[in-house]
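K.L.:
One structure coming up, written as structure tokens, with questions to follow.
The values are calculated or read from the model by the stated rules, or taken from the named source; none is laboratory data. Keep in mind the model is a prediction, meaning the values are calculated, not measured. As a convention, Cβ positions derive from the backbone with ideal geometry for all residues, glycine included, and neighbour counts pool all protein chains shown. We work out accessible area using only protein heavy atoms, side chains counted, and drop any ligands, DNA or RNA first. Shrake-Rupley method; radii C 1.70, N 1.55, O 1.52, S 1.80 Å.
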Amino acid sequence: MNWDLKSDRPIYAQLIEQMELRIVAGIYQAGERLPAVRDMAAQAEVNPNTMQKALAELERRGLVYTQRTSGRFITEDREMIRKLRDLLAKTQVEEFLEKMRSLGFSGQEIRQMMEQVLEGTEK
Amino acid sequence: MTPILECRALAKVYSGRRALAGINLTVNRGRIVGLLGPNGSGKTTMIKLASGLLTPTSGEILIDGKRPGVQTKRQVSYLPERTYLENWMTVDEMLHFFSDFYDNFNLPKAAEMLQRLGIQPGDRLKTMSKGTKEKVQLILVMSREADLYLLDEPIGGVDPAARDYILHTIISNYNENATVLISTHLISDVEPVLDDVIFINQGYIALTESVDDIREQQGKSVDALFREVFRC
């Protein structure tokens, strides 16, 4: 998974989102130890201070915790990760619905279209 | 704590032409700062004043609270726009040259980085491509344990892959209390690694701001803002 950073929004905010995605997707597992800030920054090709800021915010939200001597870890609270997953999914669905409505689709039509496409992809 | 770099009404005039028009500026520790401006805006003058190669016409520039001199040269690691290394020098000679000059030069570290690039100790500067020369010099400069790194156009004239390497080297080698000042007009390339930017135009400071604040408040990249501010 590549770090995909857009140029018109604050970098740290995008790092937070991408970290959330990685946690939800299990690229970073519950309880897993994170690499050093510097290494993560180098990997994302961003400033270490910016990565630090993003990790501090994730820590504030409880997704990441620091153990004073041994580094930073992903939370072991699987319930919290599950909730985040639902929240991210909900946001995606809302964005999708908004776009469909702007195309003039009603709720019923959206459902039909969804089922059609889903059937197509599941074959 | 004393800022690592401070300018007070700093002015520089070259035989009647004003390069810096009395600027006030504070740069703090632990930051990667972009010094951004069009050609001829005063970027190189500013860096040369900080490295002690030029003296101010009026006002003052302070490195860690001190005027540029023997002590500050120890704290400042400077990558000039054009090299001061001789073409006939081999990699090994350059390493020992730096090692003799600077007691804070980490020779094993520099040697290892060069080796990882496949650059041999016996290679001469004159046989290297432009991109390789830039990489070698950057490695030398970043292998000093300095408080302030002054990099004048470190990514000018090299290909995108070499740019990535250079930026990667900068972010993975500076220590967290050090400051890196990068002058460039290749903004979109450096933008992701910068904490703060200084816009300089015709010898004046046009803007100092953090990259994230610019993006947050203006909803656009530093590159886009630069194009607006300096529209010709």
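K.L.:
With charges only on Cβ, +1 for K and R and -1 for D and E, what is the dipole size of segment A:11-76 about its Cα centre, in debye, rounded to 20? Please list the in-between numbers first.
P.N.:
Numbers: 8 positive and 8 negative charges, 44 e Å.
Magnitude of the dipole: close to 200 debye.
K.L.:
A follow-up question, please. How many nm is it between the label spots at B:Arg67 and B:Leu85, if each spot is 7 Å from the Cα in line with the beta carbon?
P.N.:
Going from the B:Arg67 label point to the B:Leu85 one covers 3.3 nm.
K.L.:
For B:Thr83, enumerate residues with amide H under 5 Å from its amide H, sequence gap 5+ or separate chain, H modeled in the peptide plane.
P.N.:
Under 5 Å from the amide H of B:Thr83: no residue qualifies.
K.L.:
So for chain B, averaging the separation of alpha carbon pairs under 8 Å that are six or more residues apart and normalising by length, what relative contact order in percent results?
P.N.:
Computed over chain B, the figure is 27 percent.
K.L.:
What do you get for the angle between helix B:130-142 and the principal long axis of chain B? Use alpha-carbon atoms, 0 to 90 degrees, nearest ten.
P.N.:
The helix B:130-142 is inclined about 80 degrees to chain B.
K.L.:
Okay, next question. Could you look at chain B and say what percent of its accessible area is carbon and sulfur, using a 1.4 Å probe and all protein chains?
P.N.:
Values: 4870 of 10550 Å².
Carbon and sulfur together cover 46 percent of it.
K.L.:
Right, here's the next one. Taking only the alpha-carbon positions of segment B:141-197 and ignoring solvent, what does the Debye formula give for the base-10 log of I(q)/I(0) at q = 0.24 Å⁻¹?
P.N.:
Result of the Debye calculation: -1.04.
K.L.:
Please sort by residue number the GluC sites (Glu not before Pro) in segment B:96-160 whose DSSP state is loop and whose Cβ has at most 15 other Cβ atoms within 10 Å. Don't skip to the answer; put the middle values down first.
P.N.:
Values: sites: B:Glu112, B:Glu134, B:Glu145; in loops: B:Glu145.
Here no loop site has a sparse enough neighbourhood.
K.L.:
How much accessible area is lost when chains A and B come together, counting both sides, with a 1.4 Å probe, in Å² rounded to the nearest 100? The partial results should precede the final answer.
P.N.:
Values: alone 8840 and 11260 Å², together 18610 Å².
Buried: approximately 1500 Å² between B and A.
K.L.:
Per DSSP helix of 4 or more residues, -39500 (n - 2.57); summed, then divided by the residues of chain B. What does that give at 222 nm, rounded to the nearest 500? Write out the running numbers ahead of the final one.
P.N.:
Details: 9 runs with 83 residues, N = 232.
Rounded to the nearest 500, the figure is -10000 deg cm²/dmol.
K.L.:
Between B:Asn177 and A:Asp4, what FRET efficiency follows from the Cβ-Cβ distance if R0 is 41 Å, with the result rounded to 0.05? Provide the component values of the computation, followed by the final result.
P.N.:
Numbers: r = 31 Å, r/R0 = 0.75.
Using R0 = 41 Å, I get an efficiency of 0.85.
K.L.:
On average, how much accessible surface per residue is there in chain B, in Å², for a 1.4 Å probe, leaving out ligands, DNA and RNA? Write down the numbers at each step before the final one.
P.N.:
Numbers: 10550 Å² over 232 residues.
Accessible area per residue, chain B: 45 Å².
K.L.:
Still on this model: Among B:Phe199, B:Gly219, B:Thr184, whose Cα lies farthest out toward the positive end of the dipole of segment B:139-220, if unit charges sit on the beta carbon of Lys, Arg (+1) and Asp, Glu (-1)?
P.N.:
Working it through, the farthest residue towards the positive pole turns out to be B:Thr184.
K.L.:
I've got another one for you. Just to verify a number: what accessible area does A:Met113 come out at with the full protein assembly present, 1.4 Å probe, Å² rounded to tens?
P.N.:
70 Å²
K.L.:
In square angstrom, rounded to the nearest 10, how much accessible surface does A:Arg111 have for a 1.4 Å probe?
P.N.:
Here the residue's solvent-accessible area equals roughly 150 Å².
K.L.:
Ignore the peptide's own chain and count Cβ atoms of other chains within 10 Å of each Cβ in A:35-47; give me the average, rounded. Display every interim value, and only then the final one.
P.N.:
Numbers: counts 0, 0, 1, 6, 1, 0, 5, 7, 2, 2, 6, 7, 15.
For this peptide, the per-residue mean of nearby foreign Cβ atoms is 4.
K.L.:
Ignoring everything but the protein chains, give the 1.4 Å probe accessible area of B:His96 in square angstrom, nearest 10.
P.N.:
Solvent-accessible area, nearest 10 Å²: 90 Å².
K.L.:
Continuing with this model, one more query. If I compute solvent accessible area with a 1.4 Å probe over the protein chains, what percent of it on chain A is carbon and sulfur? Please report the intermediate quantities before stating the final value.
P.N.:
Details: 4030 of 8060 Å².
Of the solvent-accessible surface of chain A, carbon and sulfur hold 50 percent.
K.L.:
Checking the a/c ratio against 1.5 first, then a/b against b/c, what shape does the Cα gyration tensor give for segment B:16-84? Mind showing how you got there, number by number?
P.N.:
Details: a/c = 1.30, a/b = 1.22, b/c = 1.07.
Rounded shape, in that the Cα axes give a/c under 1.5.
K.L.:
Still on this structure, I have one more. Within segment B:1-104, report the chymotrypsin sites (Phe, Trp or Tyr not before Pro) that DSSP leaves as loop and that have at most 14 other Cβ atoms within 10 Å. Each step should come with its number before you reach the end.
P.N.:
Working: sites: B:Tyr14, B:Tyr78, B:Tyr84, B:Trp88, B:Phe97, B:Phe98, B:Phe101, B:Tyr102; in loops: B:Tyr84, B:Trp88, B:Tyr102.
Of the chymotrypsin sites (Phe, Trp or Tyr not before Pro), the ones in loops of segment B:1-104 whose Cβ has at most 14 other Cβ atoms within 10 Å are B:Tyr84, B:Trp88.
K.L.:
Right, another one. With every protein chain kept in the model, how would you rank A:Arg68, A:Arg78 by accessible area, 1.4 Å probe, largest at the top?
P.N.:
Details: A:Arg68 230, A:Arg78 160 Å².
Ranking A:Arg68, A:Arg78 by accessible area, largest first, yields A:Arg68, A:Arg78.
K.L.:
May I pose another question? Work out which residues of segment A:5-25 lose at minimum 50 square angstrom of accessible surface when the other protein chains are put back, relative to the chain isolated, with a 1.4 angstrom probe, and list them by number.
P.N.:
A:Ser7, A:Asp8, A:Pro10, A:Ile11
K.L.:
Looking at segment B:161-186, which residues lose a minimum of 10 Å² of accessible area between their chain alone and all protein chains in place, measuring with a 1.4 Å probe and not counting ligands or nucleic acids?
P.N.:
B:Asp164, B:His168, B:Ile171, B:Ser172, B:Tyr174, B:Glu176
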